[in-house]
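**Student:** Take a look at the following structure, please.
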Amino acid sequence: MDFCRLDLQPTRMKPCILVVDDNDDNLLLVTQILTRSDRTLLTAQSGKTALALAQASPPDLILLDILLPDLSGFDVLHSLRHHAATAHIPVIAVTALARVDDCQKLLQAGCNDCSSKPYLLEDLELAVERCLQRATLACA
């Protein structure tokens, strides 16, 4: 199985973030960055596992690698946006596709934000905070 829950607290007071990346080093880096704040993290290394996790326990935010081994990030995003339980979840595309038009395509496809690899850590943290704040305001 290619996912883990890094914080098994039963409360959902903390924002829950699903991080999807097939590269172990990227997952480790992102989880180390995001666990510095008070957040619950889920990880997945495939699109199919990400979809199963998101549908079983919808997170507050998804960081989605676009180049995955089984499904593309576009396919995962399409599926998320077409299921009632996951359609509202903010998604930040995390990609090595660094051209401006690549990011525009991702935003047009339904992503809420876009972050490029290699990670600019401050930019990634700001994008996460922006999306979590927007999601909190939308629920209020």
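The values are calculated or read from the model by the stated rules, or taken from the named source; none is laboratory data. Predicted model only: the values in this text are computed from it and were never measured. Here the Cβ is made from the backbone with ideal geometry for all residues, glycine too, and neighbour counts use every protein chain on show. Protein only, heavy atoms only, side chains kept; ligands, DNA and RNA dropped before computing areas. Shrake-Rupley method; radii C 1.70, N 1.55, O 1.52, S 1.80 Å.
**Student:** Filter the range 63-77 for residues that are farther than 23 Å from ALA135 by Cα and hydrophobic (A, V, I, L, M, F, W, C); which is most open to solvent (accessible area, probe 1.4 Å)? Spell out how you get there, then give the answer.
**Tutor:** Of all residues in the range 63-77, those farther than 23 Å from ALA135 by Cα come to 67-72.
Going one step further and asking which of them are hydrophobic (A, V, I, L, M, F, W, C), we end up with 67-68, 71.
Values: LEU67: 97, LEU68: 23, LEU71: 43 Å².
Within the range 63-77, the match that is most open to solvent (accessible area, probe 1.4 Å) is LEU67.
**Student:** Of everything in the range 21-36, what is in a loop (DSSP other than H, G, I, E, B), in contact (Cβ under 8 Å) with a residue 40 or more places away in the chain and either touching a strand residue (DSSP E or B) at 6+ places or on another chain (Cβ under 6 Å) or within 20 Å of GLU122 (Cα to Cα) (or both)? Give them in sequence order.
**Tutor:** Scanning the range 21-36 gives a single hit, ASP21.
**Student:** Just checking, which of VAL128, VAL94, VAL100 is farther than 18 Å from PRO59 by Cα and either out of contact with any Cys (no Cβ under 9 Å at 6 or more places or on another chain) or touching a residue at least 24 places away in the same chain (Cβ under 8 Å) (or both)?
**Tutor:** Among VAL128, VAL94, VAL100, only VAL100 is farther than 18 Å from PRO59 by Cα and either out of contact with any Cys (no Cβ under 9 Å at 6 or more places or on another chain) or touching a residue at least 24 places away in the same chain (Cβ under 8 Å) (or both).
**Student:** Counting only residues that are basic (Lys, Arg) and in contact with a helix residue (DSSP H, G or I) (Cβ under 9 Å, 6 or more places away or on another chain), which one in the range 86-123 is least open to solvent (accessible area, probe 1.4 Å)?
**Tutor:** Only one residue fits best here, namely LYS117.
**Student:** Something else: Taking the stated definitions as given, is LEU80 surrounded by 18 or more Cβ atoms within 10 Å (Cβ to Cβ), in contact with a strand residue (DSSP E or B) (Cβ under 8 Å, 6 or more places away or on another chain), free of Cβ contacts under 8 Å to residues at least 40 places away in the same chain and farther than 12 Å from ASP22 by Cβ?
**Tutor:** So LEU80 passes the test.
**Student:** Scan the range 37-57 for residues that are open to solvent by 40 Å² or more (accessible area, probe 1.4 Å) and either touching a Cys at 6+ places or on another chain (Cβ under 7 Å) or under 23 Å from LEU126 (Cβ atoms) (or both) and report the count.
**Tutor:** Result for the range 37-57: 2.
**Student:** Go through the range 124-138 and give me each residue that's surrounded by fewer than 15 Cβ atoms within 10 Å (Cβ to Cβ) and modelled with pLDDT under 85.
**Tutor:** Listed by number, the residues that qualify are ARG134, THR136, LEU137, ALA138.
**Student:** Of a type in the set (Asp, Glu), more than 16 Å from CYS131 (Cβ to Cβ) and either in contact with a helix residue (DSSP H, G or I) (Cβ under 7 Å, 6 or more places away or on another chain) or open to solvent by 20 Å² or more (accessible area, probe 1.4 Å) (or both): does that describe ASP60?
**Tutor:** For ASP60, the condition - of a type in the set (Asp, Glu), more than 16 Å from CYS131 (Cβ to Cβ) and either in contact with a helix residue (DSSP H, G or I) (Cβ under 7 Å, 6 or more places away or on another chain) or open to solvent by 20 Å² or more (accessible area, probe 1.4 Å) (or both) - is not met.
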